[in-house]
Amino acid sequence: MKAIRTTPEYDSWFANLRDARAQNRIDVRLHRLSLGNAGDAKFFDGIGELRIDYGPGYRVYFVERGDVIVLCGGDKRTQPRDIKTARKLSEEY
């Protein structure tokens, strides 16, 4: 089982989600990811994008560097900006 670490950017985004069901679904996906099951995920530039088919189409971006580091989150509407943020954060972590 891999440890899940999060960035302050992800923590802020997650804390501001008002939908408790969405938070629960994201938590379940991250738990599965820690067990090695990425499920519906797309990879680009060494970054994984978990696609959560709920609500506005939530996205969680991560890298694997020993542990799983969750970089940031968003939804389909903010995807281009979120991908830029994930690329920047992946260089820092």
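None of the figures in this text is laboratory data; all of them are computed from the coordinates on show. In this text, all values refer to a predicted model and were calculated from it rather than measured experimentally. So basically every Cβ, Gly included, is an ideal-geometry build from the backbone, and we count neighbours across all protein chains shown.
Looking across region 3-31, the residues that are loosely packed, with under 13 Cβ neighbours inside 10 Å and farther than 18 Å from Gly57 by Cα come down to Ala3, Pro8, Ser12, His31.
Within region 50-75, residues that are over 17 Å from Leu17 (Cα atoms) reach partners that are crowded, with 22+ Cβ neighbours inside 10 Å and of a type outside the set (Val, Ile, Thr) with beta carbons closer than 8 Å, at six or more positions or on different chains, in the pairs Phe62/Leu71; Val63/Leu71; Val68/Phe62; Ile69/Phe62. The residue of region 1-16 that is farthest from the chain's Cα centre (by Cα), among those that are in a loop (DSSP other than H, G, I, E, B) and of a type outside the set (D, E, K, R), is Met1. For Leu50, the conditions (1) outside any strand (DSSP E or B); (2) in contact with a Lys or Arg (Cβ under 9 Å, 6 or more places away or on another chain) all hold with the exception of (1). Might you let me know whether region 17-31 holds any residue that is on the phi > 0 side of the Ramachandran plot and part of a loop (DSSP other than H, G, I, E, B)? Within region 17-31, not a single residue is on the phi > 0 side of the Ramachandran plot and part of a loop (DSSP other than H, G, I, E, B).
Of the residues screened, Arg29 is not one that is of a type outside the set (Gly, Ala, Ser) and over 11 Å from the mean Cα position of the chain (by Cα). Can you find, within region 32-52, the residue that is nearest to Asp82 (Cα to Cα) among those that are charged (D, E, K, R) and surrounded by 14 or more Cβ atoms within 10 Å (Cβ to Cβ)? Looking at the filtered set, the residue picked out is Glu49. Glu64 - would you say it is outside any loop (DSSP other than H, G, I, E, B), farther than 15 Å from Asp82 by Cβ and of a type outside the set (A, V, I, L, M)? For Glu64, the condition - outside any loop (DSSP other than H, G, I, E, B), farther than 15 Å from Asp82 by Cβ and of a type outside the set (A, V, I, L, M) - is met. For region 33-57, enumerate the residues that are under 19 Å from Thr7 (Cα atoms), within 13 Å of the chain's Cα centre (by Cα) and of a type in the set (D, E, K, R). Answer for region 33-57, where residues must be under 19 Å from Thr7 (Cα atoms), within 13 Å of the chain's Cα centre (by Cα) and of a type in the set (D, E, K, R): Glu49, Arg51.
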